[in-house]
Amino acid sequence: MNFDEALAAFQEGKVDGQENPIALIIPYKLWAVHNYITLWDYAIDPLILAVSGKTWATLSADDRSIVRQVGAVMMELQKDEARNAPVKPAKLVQLLQDMYGMEVARPSSTELDAFRRQTRSVYEKWANEIGMDLVRGAEKIVGGGK
């Protein structure tokens with residue numbers, strides 16, 4: 001479901017939850033359709049830059065080089081913004097509580113462990129599909145960001 005469809009589904013009550021960076025709650029007015037935030041520090045939100053193979057094939061070598069260069073800059077900026085944003089997530093969470101009345105849940109380590117146990121088969125399925133080297137690399141990045 002694309003995000004426009006999701007927003008409509010939230011407003012209509014067809015979807016009662018979603019996962020997105022905290023910073024999207026205010027500009028997309030998600031506080032108007034969701035009352036709760038769960039903070040569980042499970043991942044980073046990377047930007048994925050992609051160009052269709054069909055479009056890529058139409059670009060000259062120079063244009064491909066430009067896209068690669070600009071992409072590298074944009075990816076670095078996005079990563080820096082996600083990790084070192086001027087407004088830290090804790091400040092946004094406080095604002096969402098104070099201004100919009102959102103309720104924040106912070107699962108305990110016991111609750112997170114229970115979640116991990118319950119979702120282990122999903123983790124294993126996708127880790128095998130994606131490849132353990134990539135999964136371990138992502139886990140290292142997430143673990144180093146805490």
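Worth pointing out:
- Of residues in segment 99-114 being free of Cβ contacts under 8 Å to residues at least 60 places away in the same chain and surrounded by 11 or more Cβ atoms within 10 Å (Cβ to Cβ), the one nearest to Thr38 (Cα to Cα): Glu111
- Taken together, Lys54, Lys14 contain a single residue that is modelled with pLDDT of 80 or more, of a type in the set (Lys, Arg), out of contact with any strand residue (DSSP E or B) (no Cβ under 8 Å at 6 or more places or on another chain) and in a loop (DSSP other than H, G, I, E, B), which is Lys14.
The values are calculated or read from the model by the stated rules, or taken from the named source; none is laboratory data. Computed from a prediction, not measured in an experiment: that's the story for all the values here. Note: ideal-geometry Cβ built from the backbone for every residue, glycine included; neighbour counts use all protein chains shown.
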